[in-house]
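What follows is a set of notes on a single structure, which appears directly below.
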Amino acid sequence: IWTGKVERGAFVLRVRGAGELKPESIRWLTSESSGRVEEVLLKPGVPVEPDTEVLRLENLDLRLLAVQAARETQAVEAEILALDRQRRREALDLSAELEALGSSLSFARRRADAYAEMQGTVLPRLEGEEMGERVHELEQREALAQGRLELLNRLAPRQLLGLERQAREVRRVQEV
C-alpha cells in the first residue's frame with residue numbers, strides 16, 4: 001500500500017519485473033467497408049487523434065464503383081452538351097424555315113393581291129384562287145413552325161435542367 005498527499009500532475013508508476021508485458025484486451029479498429037491492409041501508417045504506442053490515419057486499406061470493389069460513378073458523370077455531362085447542341089441546331093433550323101416561309105408568304109401575298117386587282121382581265125380566275133390558297137397554306141405552315149420554335153424554347157431548358165440535376169446527383173454520389 002502506498003500512501004501520500006493528493007497533488008495535481010502526472011501519475012507515473014514504474015514497475016520492474018521479469019517476463020513479458022501483455023495487454024489485457026486488444027481493441028480492433030474497424031473500417032466502413034471491407035478491404036485489405038496495404039500499409040500500416042502508425043506503429044503501436046503512437047498518440048492519435050480522431051482523424052488520424054492509422055492504416056491504408058485497399059478495396060477494389062470501391063475503386064470500381066468510383067470509376068463507374070466517374071463514367072456516369074461524364075455520360076450525363078456529354079448528354080447535356082448533346083441536348084444543348086441539338087436544341088440550338090433545331091432552333092436555327094426553325095428560324096431558317098420561318099425566314100423562308102416568311103419570304104414565300106410575302107411573295108404569295110403580292111401575287112394574290114395582283115390577281116385580285118386584275119381579276120377579270122387577262123389573268124385567269126383559277127390562278128388567283130390558287131394563289132389565295134397558297135397564301136393560306138403558307139400562313140398555316142408559318143404558324144406551325146412558330147409554335148414548334150416556342151415549344152422548343154419552352155421545353156429545352158427544362159430538359160437541360162433535369163439533366164443538370166441528374167449530373168449533380170451523380171457527382172454527389174461520386175464524392176461519397
Query - region 22-75 - charge dipole about Cα centre, Lys and Arg +1 at Cβ, Asp and Glu -1, debye rounded to 20 - result: 180 debye
**Report entry** Heavy atoms of Leu151: accessible area, 1.4 Å probe, square angstrom to 10
**Finding:** 80 Å²
Report task. Considering the options Pro44, Gly162, Ala114, tell which one lies farthest towards the positive end of the dipole of the chain, charges being +1 on Lys and Arg and -1 on Asp and Glu at the Cβ, about the Cα centre. Result -> Pro44
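When a/c reaches 1.5 or more, the comparison of a/b and b/c decides; with that in mind, is region 137-176 rounded, prolate or oblate per its Cα gyration tensor? Don't skip to the end; give the middle numbers.
Numbers: a/c = 10.47, a/b = 7.59, b/c = 1.38.
Prolate, since a/c reaches 1.5 and a/b exceeds b/c.
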Query raised in the report: In whole percent, how big is the carbon plus sulfur part of the accessible area of the chain, probe 1.4 Å, protein atoms only?
Result: 53 percent
Query raised in the report: Once Lys and Arg get +1 and Asp and Glu get -1 on their Cβ, which of Ser25, Leu57, Thr73 lies farthest toward the positive end of the dipole of the chain?
Result: Ser25
Report summary line: To the nearest 10 degrees, the tilt of helix 60-117 (Cα long axis) against the first principal axis of the alpha carbons of the chain is 10 degrees
Report task. Provide Met118, Met131 ordered by accessible surface of protein heavy atoms (probe 1.4 Å), highest first. Result -> Met118, Met131
Query - Full-extension gain in nm, Arg110 to Ala10, via 0.36 nm per residue minus C-alpha separation - result: 25.4 nm
Query raised in the report: Which Rg and Dmax, in Å, describe the Cα atoms of the chain?
Result: 40.1, 137
Query raised in the report: How do the peptides 60-70, 42-52 rank, highest first, by the average count of neighbouring beta carbon atoms within 10 Å per residue?
Result: 60-70, 42-52
Requested in this report: Starting at the first residue of region 152-160, write each ³J(HN,Hα) from the Karplus equation 6.51 cos²θ - 1.76 cosθ + 1.60 with θ = phi - 60°, in whole Hz, x for Gly and Pro.
Outcome: 4, 5, 7, 8, 4, x, 5, 4, 4
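State the extension gain, in nm to one decimal, for the chain segment bounded by Arg63 and Arg141, taking 0.36 nm per residue of separation less the distance between their alpha-carbons.
On the way: separation 78, 0.36 × 78 = 28.08 nm, distance 5.55 nm.
Working it through step by step, the gained length comes to 22.5 nm.
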Query raised in the report: Out of Ala145, Val135, Ser104, whose Cα points farthest toward the positive end of the dipole of region 92-164 (charges: +1 Lys, Arg; -1 Asp, Glu; placed on Cβ)?
Result: Ala145
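The values are calculated or read from the model by the stated rules, or taken from the named source; none is laboratory data. It should be emphasised that the depicted structure is a prediction, and the values quoted were computed from it without experimental measurement. All Cβ positions, even for glycine, are placed from backbone atoms using ideal geometry, and neighbour counts span all protein chains on display. In case anyone asks, the SASA skips ligands and DNA or RNA and just uses the protein heavy atoms, side chains included. Shrake-Rupley method; radii C 1.70, N 1.55, O 1.52, S 1.80 Å.
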